[in-house]
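Written below as structure tokens is the structure these notes are about.
The values are calculated or read from the model by the stated rules, or taken from the named source; none is laboratory data. None of these values were measured; they are calculated from a predicted model. Reconstructed Cβ throughout: ideal geometry from the backbone, glycine too, with neighbour counts over all protein chains shown.
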Amino acid sequence: MINLTGILLDEAALCCTCADGFGRITMGSFRQAATIHASSKEVAALEQDQRLWPAAIPLAVRSPYFSSWMNPTIGTRPPFMWPSFWDGRRILGWANYVRVDGSTWLWLGMHGNASTFEGVEITPTRSIFTFQAGPMEVKVTYLSPVEPTDPVLQSFPFSYMTFEASSTDGNTHAVEVYSDISGEWASGINANVIQWNLTTTTASTYHTVLRSTPQPMTETNNIAEDSQVYLGMASRSGLTWQTGTDNTLRDSFASTGKLADTQDPTFRAINGRDWPVFAISADLGTITSTSSPVVWCIGLVRDPSIMAWNGASNEDRHPYFKTRYQDMSSAIDALLLDFPNARDRAVALDEKLTGEARKVSDQYADLVSLATRQTLGGLEFTTSRMLDGSYDPSDLQIFMKDIGSNGQASRMNPVEGIYAAFPALLYLNSTWASSILLPHLKYHSGSQDGTSYVAPDLGVPYLLMLAHFPSANQCLVKISEESKSQRLRTYPDTSSMLIMVYAHGLYSGNGSLIAGYYPLLKSWGDYLVDHTMNSTNQLTADGGQAGTSVNLMLKGIIGIQAMSGISQAFGDSPASKTYNDRANDFIAQWKGRAMNNGHLLSDTGNAQSWSLIYNTFADKLTRSNLVGQDIYDSQAAFYQQLAGNSTNPFGLPLSSSSSDARSDWIILTASTIDDASIRDTLVSMVHARANYNGTLGAFPTTYNAPSGNVTRGVASPAQGAAYSLLSLQLQSQTIAMPATRPVAPANRSTGGLSGGAIAGVVVSAVAAAAVSLVLAFFLWRRIRNRSARSESEGGEGVPAITPFAQVGGYLTAPQLEIAATAPSNTSSKRQRHEQWGQRSPTPSSSAPPISTEPTSASAYSSSTNNQLRDVVEDLRREVELMRGHTNYAYAEPPPEY
């Protein structure tokens, strides 16, 4: 038993686990727990002030591998807990203390005297906690910046933690503050040896922690094994630091209010003898209140970020911030010096987003606030290197990890995940929408397998996209059964890509994607014409058959209409008319098959079926106006009827044959409803699940509608669908083609929309690009040099790593390490519940990794003629895309900024 401020708590209550890994509680029980300590507020007042009580509160969330959350579920007493990784299975050691007049209070951690939790406010960029520590009221803010106007700042995987305090008795008090992190951030296996260093510049002091033998492009239970972790603070009076044993450092601060400015010389395992931690403290003197916040920065950097197939060879992709900062010292100095401006930008963005969202409802504003960091935390902003070794600022590509999937390994750039998150990317900055589509376009443009549809993702595991798949049902690396089933989803994903490409052009006015990839896009449009109304052997996202799915037939039809808009923007009016005619013909057939008893069916073969027809959102987004207001009105009335008769407090199920709800689909559906009361009913259901802390895990996309139990999608970036109502407020623009682009032939035949028509466009494109053959030779040499560089960097094993140096010598095709079983943190958590000085090392319980031989890129090399043809085509695309991306800040500004 542990005594916490006079209240006896069972240890099992503090570590809420059960057979399925999730604790069961009620929202009211946590609220009651949270208010036990609310000495400065009445319970009713705290209930009123605190509108959102999620099961996971974001702390530092900036990338798929830098994702720290507080988990305030039943039995926990904020702030008396360790933060964890997004999946809730791994503790991320982070201890924070304030010392007031010699008495020490924690605001995050599991050792010592806990301050009194008074509340938390969650905005799109910040989680703002209020605590009472003796006579001082403390405000701690965890700020994960969202930077729509600067891709360098957005790509920098660092967060801020700030401390502010004021006296509640009117007297002055001596105040010191402290923060430390453990090596658990740097590896998924506690038995791994780590090393560290301390750097002091004129502007900052920071620790660096990493594995002594990093494993590139490898993760263990979602934790990257090639991470460099940082904790820093801007130079200031009273700053002290230390590396050493956890208990020693914390006891020293509690006794003296400062650290020794010494570094432990013995590198060891994360959970080795005397757990090593890395601390920075500051003496604020005797004060009544802080004149300015005390600021720490914390970050996790990986370089390269991923390996990707660029259409010609395997290519390392690097963090985009390196286009401005090539060493960590200058980057961290700039980050800390920029904090006042970063805070102002964050506040302005928060006010902008929540202000717009509150025009819908306060509950909708909560969803936008909770979804923003979760969405962007699933992305990595990357670039490539040029021949001279510098980083290419014109080559911004964004990669999404399928966070929260139930498979053994997460997928790269899942189309359905991008489609769900697309409203957020489009709204925040349309360049992001373009940059996340580019990897798929590049990937498919190099395909020589004869397919004319979109692959559901770019590979498994997330870190490696070695080459394109031989077919939609095969993968170059070991994948889960879940991912194999996803690869049967070809026409829904083809529709999604065309819808997104057209929506990007429609709201940005930038036609570079269309100009650069028109033949590819047209092949996808032709595929939809052939398969939308008679598809077989394809699965829907909820396991049904696409051939009779009302929802997915609608998406296919809207995809064809989007292709009509793409063709019109490109200048191919005959094709535009033909696609438009087909779409209108198909929608008439669809209406005849899809409706029954005044509502849309789920399956055309089942007159009693129904489902959430969330693809009506695409009709609204692309302004295709295919569905018709009568159907929107009838569906709204039907949803109201379902909600009124529902025993599902957390949302309408996916369909009449499912008990699961999907928050992203519900919000996409709600965005299409004109009746505010019905729309708000659907929003409130999703809010109820976001506000439910009965199961552990960051806001999931898929859960049991009656109970709220998680099915999948914990911390998924698909929650960007919350922006769907905001995205429909964007103003459309005329799509402008780049000045130099391939021209569609005037005499092209559009009958049948395939075969010779596509070939004519390809010939025209190659002919236009042939004018630049000298540049083509340069590009060929560039690709050759990249390939040579990759080969020269290959070799057996990983070289020794020194702190602060970027990890080098990556293998061109590294072995994949996929953990066979999830390591248990139960022992580690239990140890951390004991008193200081009683923790002993715990061996790792993870099973050895499974090694899979990589597939050689040479197996996919083409003939010399094909290479030259691809080089010419790649050159043309790169020229068009550079025109569209050269001036990021001004070409496509965020809406109304």
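Remarks
- Taking the listed residues V138, V146, the one that is outside any strand (DSSP E or B), outside the structural domain of S430 (by TED's automatic domain parsing) and β-branched (V, I, T) is V146, with no other qualifying.
- Qualifying positions in the stretch 512-538 - in a loop (DSSP other than H, G, I, E, B) and either surrounded by 24 or more Cβ atoms within 10 Å (Cβ to Cβ) or not assigned by TED's automatic domain parsing to the domain that holds S452 (or both): T532
- The stretch 580-620: number of residues that are surrounded by fewer than 18 Cβ atoms within 10 Å (Cβ to Cβ), at pLDDT 95 or above and among the aliphatic types (A, V, I, L, M): 1
- With respect to the conditions (1) out of contact with any Pro (no Cβ under 9 Å at 6 or more places or on another chain); (2) at negative phi, L612 falls short on a single one, namely (1).
- If the condition is being under 22 Å from the mean Cα position of the chain (by Cα) and in a strand (DSSP E or B), then the stretch 77-93 contributes S84, F85, I91.
- Applying the criterion of being among the aliphatic types (A, V, I, L, M) and assigned to a strand (DSSP E or B) to the residues of the stretch 166-202, the residue that is farthest from T240 (Cα to Cα) is V193.
- Taking each residue of the stretch 391-410 that is under 22 Å from N429 (Cβ atoms) and not assigned by TED's automatic domain parsing to the domain that holds F66 and looking for partners that are among the β-branched types (V, I, T) and modelled with pLDDT under 85 with beta-carbon atoms closer than 8 Å, six or more apart or interchain, yields S394/T886.
- Looking only at the stretch 355-383, and only at residues there that are farther than 21 Å from S716 by Cα and polar (S, T, N, Q), the one that is surrounded by the most Cβ atoms within 10 Å (Cβ to Cβ): T383
- Qualifying residues in the stretch 83-115 (those that are among the hydroxyl-bearing types (S, T, Y) and crowded, with 23+ Cβ neighbours inside 10 Å) - the one farthest from G257 (Cα to Cα): S84
- Scan the stretch 273-310 for residues that are farther than 23 Å from Y206 by Cβ, at pLDDT below 95 and not in a strand (DSSP E or B) and the total you get is 2.
- Pair list, Cβ < 7 Å and 6+ apart or interchain, from the stretch 619-631 residues that are closer than 22 Å to I566 by Cα to residues that are acidic (D, E) and at pLDDT 95 or above: L626/D619; V627/D619
- Boolean, A254 is in a helix (DSSP H, G or I), in contact (Cβ under 8 Å) with a residue 24 or more places away in the chain and surrounded by 17 or more Cβ atoms within 10 Å (Cβ to Cβ): yes
- Among the conditions (1) touching a residue at least 40 places away in the same chain (Cβ under 8 Å); (2) of a type in the set (D, E); (3) surrounded by fewer than 24 Cβ atoms within 10 Å (Cβ to Cβ), the only one that D169 does not satisfy is (1).
- Per-region count, the stretch 370-385, residues in a helix (DSSP H, G or I) and touching a Lys or Arg at 6+ places or on another chain (Cβ under 9 Å): 2
- Looking only at the stretch 315-332, residues that are in contact with a Phe, Trp or Tyr (Cβ under 9 Å, 6 or more places away or on another chain) and in a helix (DSSP H, G or I) come to 8 in all.
- Among the candidates L284, L231, the residue that is touching a Ser or Thr at 6+ places or on another chain (Cβ under 8 Å), farther than 22 Å from G134 by Cα and in the same structural domain as P135 (by TED's automatic domain parsing) is uniquely L231.
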